Amino acid sequence: MKRIKILIPLIILTVIIIVLVILLNPSHRYDKLSVSESKWNSIITSRINNTNLALESIKFNDFNLIIDDDTLYYSVINDSQNKYNPNVSFRANADNAKVAILQDEITDEKVHSSYEFKLMVYNNTEYHIYNLVCTDFPILNIMYNELEESKQKNIPAKVYLFNNLSNTANRILISDGKFRINEDNYALSLHMLTPGKNKRENKKSIFNMPPHSEYILTEAVGDTGGLQLIELFINNEYKGQFLITTHVIERKTT
């Protein structure tokens with residue numbers, strides 16, 4: 001009997017926690033958030049545009065999208081059944097915030113053409129519109145203190161790699177590292193390190209390449225020859241499509 005009396009409050013507490021998690025982290029399918037053009041326009045005309053109303057984070061299928069000013073980047077998981085109708089969860093900097101997507105299906109053609117979808121975060125009085133870009137390439141984000149750039153060639157950094165390729169067990173790689181912007185201004189050297197004070201080389205196998213601790217990022221120009229392309233971000237700012245390899249690629253001159 002005592003055990004039952006103890007279990008009942010625990011069950012009630014668990015239910016309350018689950019409800020709070022759902023309320024504080026709303027989650028919906030992409031198509032359920034899609035609204036018609038008339039509904040989209042009615043939201044806009046009845047509210048004030050406020051760029052201070054913002055998404056603090058947004059996830060598609062439990063993976064964080066990169067937010068670069070007013071553009072969101074979604075790396076489509078190639079072997080996911082719901083890649084074009086992901087589960088969407090978000091957190092905004094205002095109470096009672098909702099998300100709406102201007103009715104528009106994600107398709108292969110739109111992904112390959114860097115088509116910009118429209119997504120809005122809004123509440124009872126304000127709204128803020130974002131562009132949404134979908135890509136079928138992996139995403140690499142290098143985070144560093146920009147004040148360090150002028151002090152040293154090898155800049156301490158945090159490396160975040162999202163691998164969207166098929167049959168990938170570990171899609172996210174997070175590593176300490178350092179990187180160098182080469183003098184030619186189109187290539188970067190990325191050296192991955194183990195975390196902690198006594199940093200050592202952190203050899204990782206990515207994109208089925210042999211395990212390596214140093215990778216070269218080269219701006220993609222013309223025919224890439226089937227080499228691995230990524231979308232490169234530095235401090236959440238989009239830099240374009242780059243090749244990632246373990247060796248320097250010579251640029252062809254005409």
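Which one of these is free of Cβ contacts under 8 Å to residues at least 40 places away in the same chain, surrounded by fewer than 17 Cβ atoms within 10 Å (Cβ to Cβ) and among the acidic types (Asp, Glu): GLU126, GLU109?
GLU109
Criterion applied to ILE206, ILE230 was being under 21 Å from the mean Cα position of the chain (by Cα), modelled with pLDDT of 75 or more and assigned to a loop (DSSP other than H, G, I, E, B), and the one residue passing it is ILE206. If you go through the stretch 24-80 and keep only what is among the aromatic types (Phe, Trp, Tyr) and touching a helix residue (DSSP H, G or I) at 6+ places or on another chain (Cβ under 8 Å), you end up with just PHE60.
Can you tell me which residue in the stretch 53-63 is nearest to the chain's Cα centre (by Cα), limited to those that are assigned to a strand (DSSP E or B) and touching a residue at least 60 places away in the same chain (Cβ under 8 Å)? For the stretch 53-63, the residue satisfying everything is PHE63.
Any chance the stretch 13-23 includes a residue that's closer than 22 Å to ILE230 by Cα, at pLDDT below 85 and not assigned by TED's automatic domain parsing to the domain that holds ILE230? There is no residue in the stretch 13-23 that is closer than 22 Å to ILE230 by Cα, at pLDDT below 85 and not assigned by TED's automatic domain parsing to the domain that holds ILE230. Restricting the stretch 146-180 to residues that are of a type in the set (S, T, N, Q) and closer than 22 Å to THR218 by Cα, the residue that is surrounded by the fewest Cβ atoms within 10 Å (Cβ to Cβ) is SER150.
The values are calculated or read from the model by the stated rules, or taken from the named source; none is laboratory data. As the structure is a computational prediction, the values presented were derived from the model and not from experiment. Cβ atoms come from the backbone with ideal geometry, glycine included; neighbour counts cover every protein chain shown.
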